[in-house]
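**Student:** This is the structure I want to talk about, given as structure tokens.
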Amino acid sequence: MMTALLVRVTLLCLQNALVHAPAMLPKPMVPVVKAPQTDAEKIANANDAIEQGKKALVKIQERLDDPNGEYQKAEADFAALNKRLKDEKAAAAKLRTENKELEALAIESKLKALQEEWQLAKERFDIAIRQKQASLQAIEGLKERIAADQQMLDRLEGKTPPAVAAVPATAPQGMLPPQVAPVIPPTAAAAPKTA
């Protein structure tokens, strides 16, 4: 009985939704046709893009150069733990060669915790290295984008001529147009004599 009631309510809801569905649908969007940008707009946009690119470049470079940055901290922490781990392993090995087993075991018991700490520091440093590499790639991309925007700005301001597609000095084999022998009109001297 309860199930039948739920089915009827659900059907009524679906019918109601179907009846009112057209009114609930969003109206189709009319594509907005933008007018082409004027040269003034293009120049202003290029100047803005160059300025934003330079600001982003400075921000990334400052983060890379920060002596208290994540990369520098991760590098210092890993270097310290790496040296400590090597020293502890060397000390334990030296004690073993001197037949001081108890002292060697005491040091080796601390090595597992030190090894785990070293592993975490190594992973942190690896992440910092990848972040630094990504930042360096971002810097290169920003430099290229700034240069391209500057070229466009120079072209718009008439400082450089518009780019012309360069024709290669030598085309690859098979890409050259067929050579046509020049047509030389026959002359009286070259005409065959008939007797």
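**Student:** Restricting to region 75-133, and then to whatever is charged (D, E, K, R) and under 30 Å from ILE60 (Cβ atoms), can you tell me which residue is surrounded by the fewest Cβ atoms within 10 Å (Cβ to Cβ)?
**Tutor:** So in region 75-133, the residues charged (D, E, K, R) come out as 75, 77, 83-84, 86-89, 94, 96, 98, 100-101, 103, 108, 110, 112, 116-117, 122-124, 126, 130, 132.
Okay, now just the ones that are also under 30 Å from ILE60 (Cβ atoms), so 75, 77, 122-124, 126, 130, 132.
Working: GLU75: 17, ASP77: 18, LYS122: 15, GLU123: 12, ARG124: 16, ASP126: 12, ARG130: 10, LYS132: 17.
Among residues in region 75-133 that are charged (D, E, K, R) and under 30 Å from ILE60 (Cβ atoms), the one surrounded by the fewest Cβ atoms within 10 Å (Cβ to Cβ) is ARG130.
**Student:** Quick one: which of ALA40, ALA76, ALA35, ALA44 is under 30 Å from LEU114 (Cα atoms), modelled with pLDDT of 55 or more, out of contact with any helix residue (DSSP H, G or I) (no Cβ under 8 Å at 6 or more places or on another chain) and not hydroxyl-bearing (Ser, Thr, Tyr)?
**Tutor:** Details: ALA40 fails: under 30 Å from LEU114 (Cα atoms); ALA35 fails: under 30 Å from LEU114 (Cα atoms); ALA44 fails: under 30 Å from LEU114 (Cα atoms).
Exactly one of ALA40, ALA76, ALA35, ALA44 is under 30 Å from LEU114 (Cα atoms), modelled with pLDDT of 55 or more, out of contact with any helix residue (DSSP H, G or I) (no Cβ under 8 Å at 6 or more places or on another chain) and not hydroxyl-bearing (Ser, Thr, Tyr), namely ALA76.
**Student:** Could you identify the single residue in ASP65, ASP77 that is among the acidic types (Asp, Glu) and more than 30 Å from GLN150 (Cβ to Cβ)? Step through it out loud before you land on a result.
**Tutor:** Details: ASP65 fails: more than 30 Å from GLN150 (Cβ to Cβ).
Criteria check complete, one pass: ASP77.
**Student:** A further question follows. What are the pairs with Cβ atoms under 7 angstrom where one residue, in region 94-113, is without any contact (Cβ under 8 Å) to a residue 24 or more places away in the chain and the other, located anywhere, is open to solvent by 70 Å² or more (accessible area, probe 1.4 Å) and assigned to a helix (DSSP H, G or I)? Sequence gap at least six, or different chains.
**Tutor:** Taking only residues 6 or more apart or on different chains, the pairs are LEU95/GLU103; ALA104/ARG96.
**Student:** Do you know which residues across region 48-81 are over 21 Å from the mean Cα position of the chain (by Cα) and of a type outside the set (A, V, I, L, M)?
**Tutor:** ASP48, ASP66, PRO67, ASN68, GLY69, GLN72, LYS73, GLU75, ASP77, PHE78
**Student:** Further question: Restricting attention to region 40-74, report how many residues are assigned to a helix (DSSP H, G or I) and surrounded by 12 or more Cβ atoms within 10 Å (Cβ to Cβ).
**Tutor:** So in region 40-74, the residues assigned to a helix (DSSP H, G or I) come out as 40-65, 70-74.
With surrounded by 12 or more Cβ atoms within 10 Å (Cβ to Cβ) added as a condition, the list becomes 42-47, 49-54, 56-57, 60-61, 63-64, 70-74.
Number of matching residues: 23.
The values are calculated or read from the model by the stated rules, or taken from the named source; none is laboratory data. What you see is a predicted model; the values in this text were computed from it and never measured. All Cβ positions, glycine included, derive from the backbone under ideal geometry; neighbour counts span all protein chains shown. In case anyone asks, the SASA skips ligands and DNA or RNA and just uses the protein heavy atoms, side chains included. Shrake-Rupley method; radii C 1.70, N 1.55, O 1.52, S 1.80 Å.
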